Amino acid sequence: MKIIVTGAAGFIGSNLTESLLKKGHKVVGIDNLSYGHLRNIEKFSKDKNFSFIRADLKENSTLDNCSADILVHLASQKIPRYSSALLTLNENSVLLKNVLEKCKREKCKLVFASTSDIYGKNPDIPYNESSNIVLGATTVKRWAYAISKIYAEQLIIANNTEFGFPFTIMRFFGSYGPNQNLTWWGGPQSVFIDKALKKEPIEIHGDGLQTRTFTYIDDTVQGIEKCMFHPDSMNEIFNIAANPDEEITIAELGTKIWKMINGKDSEPMINFIPYSSFGNYEDVRRRVPDITKIKTVLGFDPAFSLTDGLAATIQWQRNLKEEKE
């Protein structure tokens, strides 16, 4: 098939593109490299079935000269922990509208990257695709990302109702692994691994008792491909996540990473950073997925434990650090 991947030089996009090329698909990757890296696509950049467009998806013309059977929209601004809520809201809206126009014109399937963040702070755990959305006050900029994705989901569904093009919406739960961004943009794993490798204190936001269920990138890619190609994925929403019993506190994650790198008898160096240092910020205390739907309908089966996934990620990040040195 012919496939467009936005955000192709980013973490998830590069791993997905590599997998698709190995399966013989033709891929057009689009990225403005604001968060992605050319090193992520270097290993397949010469593949005859791959072409790369360095361009900004905010420009209407970016998608004009490529066609596809499926468009996987991964490019996005994330939670504005250190950045602007206005940027998150405006840019995510513009990117999606340009993608939607493309899909409507050509009737290609849209596979859209939403987020588990849309469940907000709903206390009813675990979250399934029909769970209620419970967000905090609009004065807290932290919710700008979730709001942008909720709007996107509604806009996709409404356009499908009016114009009939096919879609699948994916809600990711904490993906991590090789090619992840090495800042907080990429999540806690990359930052914690970097600090542990340097034997510097790991900085944990809040009290560290907030929990997450993290998904190794190979399992995320498996889920995306199920959503792309399985006939029963059409016009549906799916959580893509690891097994719910992998839930872990952020403090435990920091300790686990430290000991995996520096030895089980090593005492972790951890500093707790108050949320007040980010301004008016609010965190989610627990985030646990229900993956019954994607397992039952699409045959998804996560293969990586947190320990195995972290081991592979630590090795990748260690190798990258040594190459730079």
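The values are calculated or read from the model by the stated rules, or taken from the named source; none is laboratory data. Bear in mind that the values here come from a model prediction, so they are computed numbers and not experimental data. So basically every Cβ, Gly included, is an ideal-geometry build from the backbone, and we count neighbours across all protein chains shown.
Within the stretch 72-94, the residues that satisfy the criterion of being closer than 17 Å to PHE11 by Cβ and among the aliphatic types (A, V, I, L, M) are VAL72, LEU74, ALA75, ILE79. The residue pairs whose first member lies in the stretch 146-166 and is on the phi < 0 side of the Ramachandran plot, whose second member is in a helix (DSSP H, G or I) and β-branched (Val, Ile, Thr), and whose beta carbons are closer than 9 Å, counting only pairs six or more residues apart or on different chains, are ALA146/ILE118; ILE147/THR88; ILE147/ILE118; SER148/THR88; LYS149/ILE118; ILE150/ILE118; GLU153/ILE118.
Pairing each residue of the stretch 13-42 that is over 22 Å from LYS78 (Cα atoms) with any residue that is in a loop (DSSP other than H, G, I, E, B), provided the two are 6+ apart or on different chains, yields C-beta distances under 6 Å for LEU21/ASP47; LEU21/ASN49; HIS25/MET1; LYS26/ASN49; VAL28/CYS66.
A quick yes/no check of all residues on (1) modelled with pLDDT under 95; (2) over 22 Å from the mean Cα position of the chain (by Cα); (3) more than 29 Å from ARG142 (Cβ to Cβ):
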position	(1), (2), (3)
SER276	yes, yes, no
GLU282	yes, no, no
ASP301	no, no, yes
THR307	no, no, yes
ALA312	no, no, yes
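You will find that of GLY174, GLY186, the residue that is out of contact with any Leu (no Cβ under 7 Å at 6 or more places or on another chain) and surrounded by 20 or more Cβ atoms within 10 Å (Cβ to Cβ) is GLY174 and no other.
For the structure I just gave you, tell me whether VAL111 is in contact (Cβ under 8 Å) with a residue 24 or more places away in the chain and touching a His at 6+ places or on another chain (Cβ under 9 Å). Spelling it out, VAL111 is indeed in contact (Cβ under 8 Å) with a residue 24 or more places away in the chain and touching a His at 6+ places or on another chain (Cβ under 9 Å). Within the stretch 192-223, the residues that satisfy the criterion of being in contact with a helix residue (DSSP H, G or I) (Cβ under 6 Å, 6 or more places away or on another chain), β-branched (Val, Ile, Thr) and under 12 Å from LEU253 (Cα atoms) are ILE193, ILE202, ILE204, THR213.
How many residues are assigned to a helix (DSSP H, G or I) and in contact (Cβ under 8 Å) with a residue 60 or more places away in the chain when one looks only at the stretch 261-316?
Filtering the stretch 261-316 for residues assigned to a helix (DSSP H, G or I) gives 261-262, 275-278, 292-298, 306-316.
Now drop any that are not in contact (Cβ under 8 Å) with a residue 60 or more places away in the chain, which leaves 261-262, 275, 278, 292-294, 297-298, 306, 308-310, 312-314, 316.
The qualifying residues number 17.
Could you grab me the full set of residues in the stretch 222-249 that are of a type in the set (D, E, K, R) and part of a loop (DSSP other than H, G, I, E, B)? Outline the logic, then answer.
Initially, the stretch 222-249 is screened for residues of a type in the set (D, E, K, R), giving 225-226, 232, 236, 245-247.
If the condition is that a residue be of a type in the set (D, E, K, R) and part of a loop (DSSP other than H, G, I, E, B), then GLU247 is the only one that fits.
Residues in the stretch 248-284 that are touching a strand residue (DSSP E or B) at 6+ places or on another chain (Cβ under 7 Å) and small (Gly, Ala, Ser) were compared, and the one that is surrounded by the fewest Cβ atoms within 10 Å (Cβ to Cβ) is ALA251. Can you confirm whether the stretch 39-56 contains a residue that is closer than 25 Å to GLY187 by Cα, in contact with a His (Cβ under 9 Å, 6 or more places away or on another chain) and modelled with pLDDT of 95 or more? No, the conditions are met nowhere in the stretch 39-56.
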